[in-house]
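For reference, the structure discussed in these notes is given below.
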Amino acid sequence: MRTLLVRVVAGLMLALISPLILANGWNMPIGVTALSSEIHSLHMTIFWICVAIGVVVFGVMFYSLFRYRRSKGAKAANFHEHTGVEVLWTAIPLLILVAMAVPATATLKNMYDTSDADIDVMVTGQQWRWRYEYLGEDVAYTSNMSTPREQISGESEKNENYLLEVDEPLVLPVDTKVRLLLTSDDVIHSWWVPELAVKQDAIPGFVNENWVRINEPGIYRGQCAELCGMDHGFMPVVVEAMEKDDYDVWLAERKAAAEQEAMGVDREWELAELMERGEQVYGSICASCHQVDGSGNPPAFPALAGNVQLLDDAQWHINTVLNGVSGSAMPAFRSTLNPVEIAAVVTYERNAWGNDAGDTVQPSEIVEMLEE
Amino acid sequence: MAFHFPKPTPQQNTTTADAGLADSHHHERPRGLMRWVLTTNHKEIGTLYLLFSLTMFFVGGIFALVVRAELFQPGLQLVEPEFFNQMTTMHGLIMVFGAVMPAFVGLANWMVPLQIGAPDMALPRLNNFSFWLLPVAFTLLLSTLIMPGGAPNFGWTFYAPLSTTYAPPSTTFFIFSLHLAGISSILGAINIIATILNLRAPGMRMMDMPLFVWTWLITAFLLIAVMPVLAGVITMMLMDINFGTSFFSAAGGGDPVLFQHLFWFFGHPEVYILILPAFGIVSAIIPTFARKRLFGYASMVYATASIAILSFLVWAHHMFAVGLPLVAELFFMYTTMLIAVPTGVKVFNWITTLFRGSITFEPPMLFALAFVVLFTIGGFSGLMLAIAPADFQYHDTYFVVAHFHYVLVPGAVFAIMAAVYYWLPKWTGHYPHERLAQVHFWLSVIGVNLTFFPMHFSGLAGMPRRIPDYALQFADFNMVSSLGALLYGTSQLVFVLVVIKCVRGGKKAPAKAWDGAEDLEWSVPSPAPLHTFETPPHFERPAH
C-alpha cells in the first residue's frame, strides 16, 4: 500500500516532466517573434525552478512518509518549533522570487513598448468575427471562421485546420513592427495568437495597444480567448505573415478592390447582383445568429424568414441593420459594412427563403440614409 | 431526511460531566421535519450545511460531466453552444458558492464550538437563518435553467457587458440568488467571529486555538470584507439591466473594466476563503497521524494572516491582459509572487511535522497527504501564472483551468473529504469503513489527475477555456480529461456509500477516536451528544 503510494506519486512526477522535455504540441510554442521566444524561455525557467523545488520538497516529504512509518516502529520526536529554520525558509523563497522577477520585469517592459511602429492595424472584435482596418490605407475587412457547419456537426470529415481557419486572414509583413490597436463593438473579446505571444483583450469603449514583429513568413493560428457568448469557440484568429514585397503587392490589390467597391455606390444594381453579393455578406456576418436559412434562434435572435415587420417596412429594416437594436445582441453595422454590402444584404433578406418583398434596396439609398 | 443522529442518549454522558442532563431542561423539541427546519443547534445546522453541500457537489458535478461529455471528442455532439455555456457557468457558481463554501461553514458549525469548548454558536437563531437562505438561493439559481432564454451563460466570473447588455433575462434571478447566498455567508461569518472571540473555554488564549479555528476566524473576516463588494457589483449589474444605468456600458459612458476590478477585488480574497479553512483541516490531521505536534504553530498563524492580507493586493493578476498600465502590471506581479512565501512556509511546516513522526495512513491522512502534494502542484502553476509576461500566454487557457482545479479539487475538496473522514467518528460514533474509504481515495486521486493534469498541456498548446468545441490537436488531452472526470465523478458515489454506512453502524469509536488527536473535540463522547460543553471545560495547555 505505502510503496504503491510512492510509486504512483513518482509516476505522476515523471508524467509531469517527460512530455515537456519532448515538447511540441505539449508545451508553449517558442513562436516566431523575439518576444515569444523570450517569453518561452521565461516560462521554461520558472517551470524548471518549480520542478527543482518540487523535487526537494516532495523528496523530503516522501522520505519522511517512508522512513517514519509507525508500522516500521518509528517513535515520534518531540520538536515543534525552530525560529531559525522558519526564517531560512522564508528568506530562501524570497531570494528565488527576486531572481524570477528580474527577467520577468525586463520582458514585460519590452512587451509594453509600442513606440515606433511602421504599420498600425485596428483590430475590432464583434460577435463572432474580427474586423481588421489598416489605418491610413483605406483597407478594412472582416475575418470569419470558414470551417463549414457540417464539419462541426460531424456530417463531414474534419479538415486539418478545423475551427482555426478563416475566410480572410490578417496579412502582415515580416520584419516590420506592427502596432495592434484593439477594441470591440459589443462584448469583451481577446485576440490571441500563441506563436506571436500576443494576447490582448478587445474591450468596448477602450483601445488597447500591443505590437508584434514577426520573423518568419507563415500562417499562424489562434482563437478568441475571452468568453464572448454563444460562438466564442468559433472565432479564430489567423495571421498570414509574408515577405515585405508580397505584402506591398497584396495591399495594393486590396486598395484597388476597395476603390472599385466605392464606385459601385453610384450605379443602379440589378436584383440578381444584389442577391449574389447579399448572400455572401449574409453568410459571413448574419448567419451565425439568424441562421443560414433565416430561421433565427428566438427569442434572442428573431427569425428573418417570414418576418412580417421586415417585409412590410423596408425603412425599419434598413434602419435596424444600420443602427442595431439597443439592449440586444443586434449590433449597428453602419461603420463596419459599406453601403453596397448593406444594400445587398437587406435586399437578400427581403427576397430569400420565401420572403417575397420583390423590391431592391440600392446602395445610393443607403448613402442617403447615412448622410441624414 | 431520514437522518437520526445525534440523538441525546443518557449512556453517552458518562465521560464528561459538562455533557450531562441531556435535554431535560429544554422545552419540548419539534419532531420530524420541523426539528430540522427550526433547529438552532450547531451540530444539526452543521449537518444540514454538509448535506446541502454534498447535494450541490453532485448537481455541480453532473453539470461538469455534461461539459466533459461534450468535450470528449471534437465537434458538437450532445449540446448546443448556448447550453454548454450555461453548464460551465452553473458548474462554477454551484461548486464555489453551493458546494465548497457551505461545506466549510458546515464543518465550522460542527467543529468550532467543539474545538474551543463552547456550548453552541454565539448566535444560534441567526445560524438557522443563514443556513435556510441557501436552499432558497440555489433553488432560485437552478430554476433559471428552465426560464426562457436559459440560465446564466456568461461564466462564473460574469464579466460585463456579456452579463448585462447581452445577458439572458434570467440574469436578474441569478443576481437575487447570489445576493441571498452572500447574505448567508456574511451572517455565517459574523456568527463564527462572535463565537470564536467570545465563547472560548476559560484559559484558552487566541494562540492556543486549533488552526482550524484560526483559519476560519481569518476566513470569516475575509468574508465580511469582500461579500459586500460582490453585493455591490451585482447590484450595479441589476441597475444596468433593469434601471437604465451605465456602470459597465461603454455606450453610456461606463467602464467594462471597472466590473473586473470590482469582481476580482471580491474574487481573489474569495479564492482564499475557499482554501484557508482547508489549511486548518490539514494542520489538524497531519499532526494527529504523525503523532507529533504541528511544527511552527505560530508561523502557521502568521502565514495565514499574511495570505489574507496579501489577498487584497493581488486582484489584478486576473486582468493582466485587459490593458493595465505597466506599473500596475509590475505591482500586481510582485505582490502575487509574494503570496508564494507564506504558502511555502505552510507546506514546509507540514512536511517538517511529518519528519521524525510516527506515521500511519488512515483515510483522513491519505486525503491530507494528497492535499499537500496536489495543492503544491497547483501552487507551482499559480506561481507560473503570476509571471505577467508568461501569463499573456497562459491567461484564459486550459492551463488556468488546470491550475484552479488543482487548488480547488485535490485542494479544497480533498481537504473537505479528509475532514469528513477525520470527524465522522465524532459525528456518528462509528469509524468509516476503511477499505471502502481507501477505494474512494485511490479512485479520486487517479480520477482527479487524469482529469486535470492533461489540461496543463492542452492549455500550453493553445486551447482557450470555455469553448464547446476545439481544434483537432487537442483531441487526445480532452479525451483523457473526460474519462478521468467520469471516473472521479462516479467514484464520489463510493464516498456517499461510506458516509451512509458510517451513519448506520460500523466499528465503534471511543471519545478519542484517533490516538494522536489532541484537540478538545476528542474529550466529548463519540457520537457527540446534542449538547456539549454546557459547563465550560478546563483548557489544559500542552506542555512545552
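The values are calculated or read from the model by the stated rules, or taken from the named source; none is laboratory data. This structure is a prediction, so every number in the text was calculated from the model and none was measured. In this analysis, Cβ positions are derived from the backbone assuming ideal geometry, glycine residues included, and neighbour counts consider all displayed protein chains.
To keep it simple, each residue is scored yes or no on (1) in contact with a strand residue (DSSP E or B) (Cβ under 6 Å, 6 or more places away or on another chain); (2) more than 30 Å from A:GLU38 (Cβ to Cβ); (3) not hydrophobic (A, V, I, L, M, F, W, C).
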| position | (1), (2), (3) |
| --- | --- |
| A:TYR112 | no, no, yes |
| A:ALA117 | yes, no, no |
| A:THR124 | yes, no, yes |
| A:MET145 | yes, yes, no |
| A:LYS158 | no, yes, yes |
| A:VAL171 | yes, no, no |
| A:VAL174 | yes, no, no |
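Got a sec? Which helices (runs of 4 or more DSSP H) wholly within segment B:18-131 have at least 1 residues that are more than 14 Å from every other protein chain (Cβ to nearest Cβ) and surrounded by fewer than 23 Cβ atoms within 10 Å (Cβ to Cβ)?
In segment B:18-131, the matching helices (runs of 4 or more DSSP H) lie at B:32-38, B:42-70.
From the set of residues in segment A:228-269 that are in contact (Cβ under 8 Å) with a residue 24 or more places away in the chain and among the β-branched types (Val, Ile, Thr), which is nearest to A:GLN291 (Cα to Cα)?
By that ranking, first place goes to A:VAL237.
Please find, within segment A:99-124, the residue that is nearest to the other protein chains (Cβ to nearest Cβ) out of those that are farther than 26 Å from B:ILE387 by Cβ and buried (at least 20 other Cβ atoms within 10 Å of the Cβ).
So, considering only residues that are farther than 26 Å from B:ILE387 by Cβ and buried (at least 20 other Cβ atoms within 10 Å of the Cβ), the one nearest to the other protein chains (Cβ to nearest Cβ) is A:THR124.
Looking at (1) more than 8 Å from chain B (Cβ to nearest Cβ); (2) surrounded by fewer than 24 Cβ atoms within 10 Å (Cβ to Cβ), find the lone condition where A:PHE206 falls short.
For A:PHE206, the failing item is (1).
Conditions: (1) surrounded by fewer than 20 Cβ atoms within 10 Å (Cβ to Cβ); (2) at pLDDT 85 or above. A:HIS290 meets all but one. Number of the miss?
(1)
Would you pick out the residues in segment A:175-197 that are part of a helix (DSSP H, G or I) and facing chain B (nearest Cβ under 9 Å)?
A:PRO194, A:GLU195 - these are the residues of segment A:175-197 that are part of a helix (DSSP H, G or I) and facing chain B (nearest Cβ under 9 Å).
Does at least one position in segment A:41-64 carry a residue that is out of contact with any helix residue (DSSP H, G or I) (no Cβ under 7 Å at 6 or more places or on another chain), small (Gly, Ala, Ser), at the interface with chain B (Cβ under 8 Å from one of its Cβ atoms) and part of a helix (DSSP H, G or I)?
No, the conditions are met nowhere in segment A:41-64.
Restricting the search to segment B:374-385, which residues are more than 9 Å from chain A (Cβ to nearest Cβ) and farther than 21 Å from B:PHE414 by Cα?
Residue satisfying the conditions is B:LEU385 alone.
Can you pull out every residue in segment B:324-347 that is free of Cβ contacts under 8 Å to residues at least 40 places away in the same chain and either facing chain A (nearest Cβ under 8 Å) or small (Gly, Ala, Ser) (or both)?
Listed by number, the residues that qualify are B:LEU326, B:ALA328, B:TYR334, B:LEU338, B:VAL341, B:GLY344, B:VAL347.
If I go through segment A:74-89 residue by residue, how many of them are under 11 Å from B:SER299 (Cα atoms) and more than 8 Å from every other protein chain (Cβ to nearest Cβ)?
2
Take the conditions more than 22 Å from B:TYR406 (Cα to Cα), among the charged types (D, E, K, R) and more than 14 Å from chain A (Cβ to nearest Cβ) and apply them to B:ARG504. Does it pass?
For B:ARG504, the condition - more than 22 Å from B:TYR406 (Cα to Cα), among the charged types (D, E, K, R) and more than 14 Å from chain A (Cβ to nearest Cβ) - is met.
Go through segment B:422-473 and give me each residue that's hydrophobic (A, V, I, L, M, F, W, C), farther than 22 Å from A:TYR220 by Cα and within 11 Å of chain A (Cβ to nearest Cβ).
Within segment B:422-473, B:PHE441, B:TRP442, B:VAL445, B:ILE446, B:VAL448, B:LEU450, B:PHE453 qualify.
For segment B:309-330: of the residues being closer than 20 Å to B:TYR272 by Cβ and buried (at least 21 other Cβ atoms within 10 Å of the Cβ), which is farthest from the chain's Cα centre (by Cα)?
B:PHE320
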